[in-house]
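Data block below; observations after.
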């Protein structure tokens, strides 16, 4: 089921491929100098931004023989040992579940029952819940070792280069099989003065379980006026469309793209009961359609105060999580941990679709995807800007069960929704492993209860094929809310990733 790592992916992304077998991708290349096969199972990246400081946290899982690994990432400055640390893995699952699209289920309450207090939304504001070098590289490369140090199981070297051809040759001479065509992708980073963060893994310090390397997540931070992520390097081996998901945490601030178009995922859609067990497939089709109708756009899937949620599919982020992800090095993030906004951005592109790295800009608050009605009783639709409010936007989809019992009162009150008959909590699911969902087998028009004009879908007007799902289930592509064992499939991290074994000196 895993794809050979000739396929490169991009920064921070979850690959929604055209076939479940294509679900794995990584930003950059995976290389094995010994010629063995290497596989990427999951990678996730979270960015924290405040002022000019960026903290990048990333988690990678690999499946393959126990060789040495290496990753190469363009960074704007020379990183010091104190700028880099390893993390525990738990926080990445919490971030992914918190921002993931969610499926909820409601039952219409007895129209003749005494009125209950109006439905209350959750609070809309979060509650506080090496040594420097300078040693010259071998003559002729134009490469310089700026710093080198060890952090956890990683041996880290910071390189600078005067020309991309020299850097390309240097990496090749270090026995990493860089794919053909990598040098032109290195060139703009070298010409722009980027440094190169090279993290090599000592396999003697890594635990392998059933062939899966249990690598510690890495975190590093730097200061730069521009808030961006490099993706061009990850396109060197790209054969198909690549998907990426970027989660951004920032005090009181949502982000969107500055150099690509922006769009929001259609939200607050009522869906048929059959979506429950195949939510991942449904959401994959919805995202595909949104991208099709907004070519070149990056899709906002979530923007909400990070310490709260409604509905909450899992544990909320707390002060300890924010510190883990970088609040401890944010000198001007002094408004309290409860002020962080979580933004989730999702993009798809191929070799010719992403000519530039991703550059982010600040954006005003948006709302949408809530169980809120206007004065006429109509549920809010789509995203809208709320400059004076808080960020309360999410991809939310609902299965609704109409009241089927007797109605024996003179003035029944219809359209009041709540939990299941007899009490209890309704089921929630989140689409966290959509990368494995089969593609091209969903008729959106047969699964939604209302038109979705922003993507040109009319409810009840199917394309040839008839049923909402035209294939048998092949995995749910979702996770029930409240769980902590999350499979973040195909998420990828940016920069040039080299996965290989160095030739050991005899």
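The values are calculated or read from the model by the stated rules, or taken from the named source; none is laboratory data. Given the structure is predicted, the values throughout are model-derived calculations rather than measurements. Reconstructed Cβ throughout: ideal geometry from the backbone, glycine too, with neighbour counts over all protein chains shown.
Residues that are at pLDDT 75 or above, at least 3 per element: which strands (runs of 3 or more DSSP E) completely within the stretch 125-193 meet that?
Result: 143-151, 154-161.
Taking the stretch 390-420 as the search range and keeping residues that are at pLDDT below 90 and outside any loop (DSSP other than H, G, I, E, B), which one is surrounded by the fewest Cβ atoms within 10 Å (Cβ to Cβ)?
Step by step, filter the stretch 390-420, then rank; the result is 418.
When you scan the stretch 227-247, do you find a residue that is at pLDDT 95 or above, in contact with a strand residue (DSSP E or B) (Cβ under 9 Å, 6 or more places away or on another chain) and either surrounded by fewer than 22 Cβ atoms within 10 Å (Cβ to Cβ) or not in a helix (DSSP H, G or I) (or both), even just one?
Checked against the condition, which is being at pLDDT 95 or above, in contact with a strand residue (DSSP E or B) (Cβ under 9 Å, 6 or more places away or on another chain) and either surrounded by fewer than 22 Cβ atoms within 10 Å (Cβ to Cβ) or not in a helix (DSSP H, G or I) (or both), the stretch 227-247 yields at least one hit.
Restricting to strands (runs of 3 or more DSSP E) lying wholly in the stretch 22-86: which have 2 or more residues that are crowded, with 21+ Cβ neighbours inside 10 Å and at pLDDT below 50?
Details: elements: 39-50, 53-63, 69-75, 84-86.
In the stretch 22-86, the matching strands (runs of 3 or more DSSP E) lie at 39-50.
Residue 266 passes all but one of (1) closer than 21 Å to residue 438 by Cα; (2) more than 19 Å from the chain's Cα centre (by Cα); (3) outside any helix (DSSP H, G or I); which number fails?
Among (1) closer than 21 Å to residue 438 by Cα; (2) more than 19 Å from the chain's Cα centre (by Cα); (3) outside any helix (DSSP H, G or I), residue 266 violates only (2).
So, residue 198, is that one outside any helix (DSSP H, G or I), buried (at least 19 other Cβ atoms within 10 Å of the Cβ), under 26 Å from the mean Cα position of the chain (by Cα) and modelled with pLDDT under 90 or not?
In short, yes.
Can you find a residue in the stretch 322-339 that is at pLDDT below 85 and within 21 Å of the chain's Cα centre (by Cα)?
To start, the set of residues in the stretch 322-339 that are at pLDDT below 85 comprises 331-338.
Next cut, within 21 Å of the chain's Cα centre (by Cα) only: none.
No.
Applying the selection to the stretch 363-385, what residues are within 19 Å of residue 342 (Cβ to Cβ) and surrounded by 16 or more Cβ atoms within 10 Å (Cβ to Cβ)?
The answer is 363, 365, 366, 367, 368, 369, 370, 383.
With the structure loaded, tell me whether residue 279 is surrounded by 20 or more Cβ atoms within 10 Å (Cβ to Cβ), assigned to a helix (DSSP H, G or I), modelled with pLDDT under 95 and more than 16 Å from the chain's Cα centre (by Cα) or whether it fails that test.
On the way: surrounded by 20 or more Cβ atoms within 10 Å (Cβ to Cβ): yes; assigned to a helix (DSSP H, G or I): yes; modelled with pLDDT under 95: yes; more than 16 Å from the chain's Cα centre (by Cα): yes.
Judged against the criteria, residue 279 is a match.
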